[in-house]
Structure formats: C-alpha cells, structure tokens
Amino acid sequence: MTKPVILTGIRSNEEPTLGNYLGSILPMVDMQHRLAGDYQINMFVPDLHSFTTPVDHDKLFLSTIQNVKYFMAAGLDVDDPDTYVYRQSYISAHSELTWILDCFTYMGEMSRMTQFKEKSADTGESVSIGLFNYPVLMAADILLYHATHVPVGHDQFQHLEITRDIATRFNNRFGEIFTVPDSTSKQMEFINRDNGLRIRSLTDPTKKMSKSATDEKSKILLVDDPEIARRKIMSATTDSVGVINYDWDNQPGVTNLLQLLALMTHRDQADINSQWVGHTHYGELKTAVADAVSEFLINFQSRLEEIRDEQVLAALETSEDAVRRVADNTLYQVQQAVGLRPRE
Ligand code: TYM
C-alpha cells in the first residue's frame with residue numbers, strides 16, 4: 001500500500017441525512033471514480049465514535065453495515081482493488097493509538113472544540129469523556145493510515161486541524177512517524193470547492209442539517225419516504241424578504257435551497273443562481289428542490305434495496321484483514337518511539 005491515501009467515515013449513530021450524503025458520501029464516491037488507480041481509498045465506519053452521543057445499542061451492529069450500503073448505493077465500488085471498507089472497532093490499533101495520543105494532547109486545545117461545546121450544551125450534565133475525546137480518536141483514524149486527503153464537511157475542519165497539530169507535535173518530539181494530513185484549504189482545493197460544505201437545517205437555516213437533531217422536519221434522511229421529504233422541503237423556513245437572493249448572511253433559508261438545487265441537479269451554483277435570483281415565488285423554488293430531492297431518493301433507495309448484508313460483510317472482512325496490517329505497523333512504530341517496545 002504505497003499510494004496516497006484518501007480517507008473518510010460517517011458515524012453510524014443515526015440515519016444519515018442529505019447533508020452527510022452531499023458533504024461526505026458523494027465526494028468520496030466521486031473521488032473513487034476519478035482517482036482510484038492513483039490513490040488508495042479508505043472508507044471506514046467509525047462505529048466507536050457512534051456512541052459518543054446516545055444510540056440504540058441493539059441496532060448499532062446492523063446500522064454499521066447499513067452505513068456501508070449507503071456508500072455502495074451512492075456508487076462506491078467495494079471490489080475496486082484500491083478501495084478498503086472497514087469498521088473502526090475491528091482494528092484495535094485505533095483505540096490503542098488514541099490512548100497514546102491522548103497523552104500528547106492538551107485539555108486547553110480540546111476544550112476549544114466547537115462541536116464538543118455545542119453537543120455538550122445539548123446533552124447537559126451527562127456529557128461523556130468519549131464526547132470530549134472524540135477528536136483524538138479521529139486523529140488516530142487518520143494517522144494510522146498516513147492519510148493526506150480527508151474529505152469532510154465544514155463541521156469537521158477543526159478536528160482535522162487538531163489532527164495536524166497532534167501529528168506535528170509528535171513528529172517534532174520523536175521523528176517523522178506520522179504523515180501530517182493536508183490543511184483544510186488544500187483539502188478544499190483537492191475537491192475543487194471554495195468552502196467546506198454545510199447543508200443547513202430546513203427549520204433553522206442558521207444551523208447545519210444534523211442527523212442527531214430531534215426535529216424530524218429539519219432534516220432529509222436518505223431513507224425518508226420521497227413524499228415526506230417533499231413535504232419537508234415545501235415547509236422549509238425561508239424569510240420575509242420576498243425576493244430570492246444567494247445570501248448566506250441575510251437569507252440562509254432560500255440560499256440553502258439554491259445550494260441544494262445546484263448539488264442535486266449537478267449544475268453549477270452560478271448557473272442555478274442566474275436562473276432563480278430576483279424571482280419572487282419561493283414556492284416555485286421549493287417545488288424545484290422537492291422534485292430533485294424526491295427523484296434522487298426514489299433512485300437511491302431502489303439501489304439500496306438490492307445490496308445484501310452478506311455482500312457487505314464479505315467486503316468488510318477482506319479489507320479489515322488488509323488494513324489491520326498497516327494500522328498495526330504504524331502503531332508499532334509509535335510504541336517504539338514512546339518506549340513501549342524495544343528500538344532496533
Ligand atoms: P459525522 O458522522 O457527524 O458526519 C459525517 C460526514 O458528513 C459531514 N456532514 C455534513 N456535510 C455538509 N452539510 C451537513 N449538514 C453535514 N452534516 C454532516 C461531516 O462533515 C462528515 O464529513 N467525526 C466524524 C466521523 C469520523 C471521521 C474520522 C471522518 C471519525 N473519524 C476520520 C473523517 C476522518 C463525524 O462525526 O462525522
């Protein structure tokens with residue numbers, strides 16, 4: 001395994017949303033189609049990350065398999081020789097490296113993580129250490145495989161930056177053991193975007209569309225009935241300006257719809273904007289978005305139904321055997337560096 005590594009994952013805590021699809025699944029699948037041959041693609045399920053927020057533990061094992069199916073239904077070819085699909089908890093090096101990295105990570109820098117602050121505010125008293133420590137496990141996920149490219153949505157940028165900080169700090173102390181992943185600006189260049197993608201909530205467009213949000217109307221799930229998805233879009237919160245503008249600061253609701261329309265129809269944002277900006281009928285824009293989303297869901301869900309559990313399990317087990325060796329090798333180098341194993 002010597003090719004540069006592109007790596008990403010989606011927690012299997014809740015059903016993924018259109019935000020997860022557009023921010024992570026689709027870019028990863030596009031990259032496989034464009035770049036496999038020159039790059040290695042690691043698509044893994046961070047199942048240990050999945051219960052940093054509450055989950056139904058009876059469903060976790062199957063939702064992990066379901067998670068891989070979403071990538072497959074989106075077009076990921078799991079038989080491609082450069083592609084690896086695996087579960088985090090099946091490669092014990094992830095947990096072991098996390099502990100070691102914990103000891104080179106500071107409380108101060110971790111306390112600045114916006115996602116921890118937001119999620120712990122929602123959770124109240126029972127905030128787990130796991131939620132606090134989540135970015136260090138994420139750093140281990142990335143550093144074990146020397147990944148340079150990590151396509152994630154905007155909400156994960158801070159976690160990518162802390163991964164870079166931890167890797168650099170460790171390398172400065174012990175030598176070039178880790179590959180430092182590219183900066184977020186370079187990541188954006190790599191996937192041809194100006195900014196990290198942030199699909200907004202349909203009911204409060206100042207916030208991101210989040211799979212863990214309790215308000216069902218705020219999110220479109222990949223398993224939503226297309227008719228229900230249509231209704232959610234038709235009732236999306238907009239504004240009282242009365243004219244469609246692409247303006248995240250003042251009209252985030254309609255701007256989110258314009259963004260969704262461009263992404264769902266694979267058209268340039270500028271092209272969509274030139275068609276809609278200046279119009280006064282918000283309902284027509286909503287109908288166009290609802291049509292695109294429900295057509296997408298019908299096709300996506302019919303592909304999803306055809307994927308069998310056995311097919312996914314076979315792909316997972318083959319990949320896990322292969323990547324375990326890489327992860328164990330990196331862990332061993334780290335163990336040698338910190339004095340847990342003899343240095344040859
Ligand atoms: P998670 O499961 O919360 O989200 C998975 C991916 O979906 C993106 N995303 C969005 N993108 C655009 N708009 C939205 N509204 C939106 N909501 C979510 C996220 O940015 C993410 O890319 N910590 C990660 C999982 C993880 C990981 C990793 C990712 C664990 N280890 C190593 C990459 C590399 C997470 O919780 O993602």
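Only the coordinates and a few stated rules stand behind these numbers; no lab work does. As the structure is a computational prediction, the values presented were derived from the model and not from experiment. Note: ideal-geometry Cβ built from the backbone for every residue, glycine included; neighbour counts use all protein chains shown.
Listed values, structure above:
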read-out	value
Sequence-separation-based contact order of the chain, relative, with Cα cut under 8 Å and 6+ spacing, percent	21
Relative contact order computed over the stretch 96-162 (Cα-Cα under 8 Å; 6+ residues apart), in percent	44
Relative contact order of the stretch 216-304, pairs being alpha-carbon contacts under 8 Å that are 6 or more residues apart, as %	38
Calculated FRET efficiency for the pair ARG169/SER235, C-beta based, R₀ 51 Å, to 0.05	0.60
Under 5 Å, built H, 5+ apart or other chain: amide partners of LEU7	ASN42, HIS149, VAL150
Long-range amide H partners of ASP47 with built H, under 5 Å	GLN88, SER89
Sorted peptide list for 307-319, 249-261, criterion being average Cβ within 10 angstrom, highest first	249-261, 307-319
Loop-located GluC sites (Glu not before Pro) in the stretch 116-161 whose Cβ has at most 16 other Cβ within 10 Å (DSSP)	none
Axial C-alpha extent at least 20 Å, average Kyte-Doolittle at least 0.0 - helices from the chain (DSSP)	57-73, 129-143, 282-305
Sorted by Cβ neighbour density within 10 Å, fewest at the top, the residues TRP248, TRP99	TRP99, TRP248
Debye log10 I(q)/I(0) at q = 0.14, 0.17, 0.26 Å⁻¹ for the stretch 216-304, Cα point scatterers	-0.47, -0.68, -1.36
Cα gyration tensor, the stretch 283-336 - rounded (a/c under 1.5), prolate or oblate	oblate
Euclidean distance between Cα centres, the stretch 38-72 to the stretch 277-343, Å	8
Cα gyration tensor category, rounded, prolate or oblate, for the stretch 253-344 with a/c compared to 1.5	oblate
Sequence of GLU14, GLU284 once ranked by neighbouring C-beta atoms within 10 Å, starting from the fewest	GLU284, GLU14
Order of MET43, MET31, MET107 under a 10 Å beta carbon neighbour criterion, fewest first	MET107, MET31, MET43
Whole-Hz ³J(HN,Hα) from phi, Karplus 6.51 cos²θ - 1.76 cosθ + 1.60, for the stretch 190-205, glycine and proline x	4, 9, 6, 10, 7, 9, x, 7, 9, 6, 8, 4, 6, 9, 9, x
Relative packing of 201-209, 127-135, which averages over residues the other C-beta atoms within 10 Å, highest first	201-209, 127-135
Alpha carbon convex hull of the stretch 30-93, projected area averaged over orientations, nm²	5.1
In nm, spacing of pseudo-spin labels at TRP248 and TYR106 (7 Å Cα→C-beta vector)	2.9
Residues with amide H under 5 Å from that of LYS208, placed H, sequence gap 5 or more	SER201
Two-decimal Rg to Rh for the chain - Kirkwood Rh, Cα set	0.98
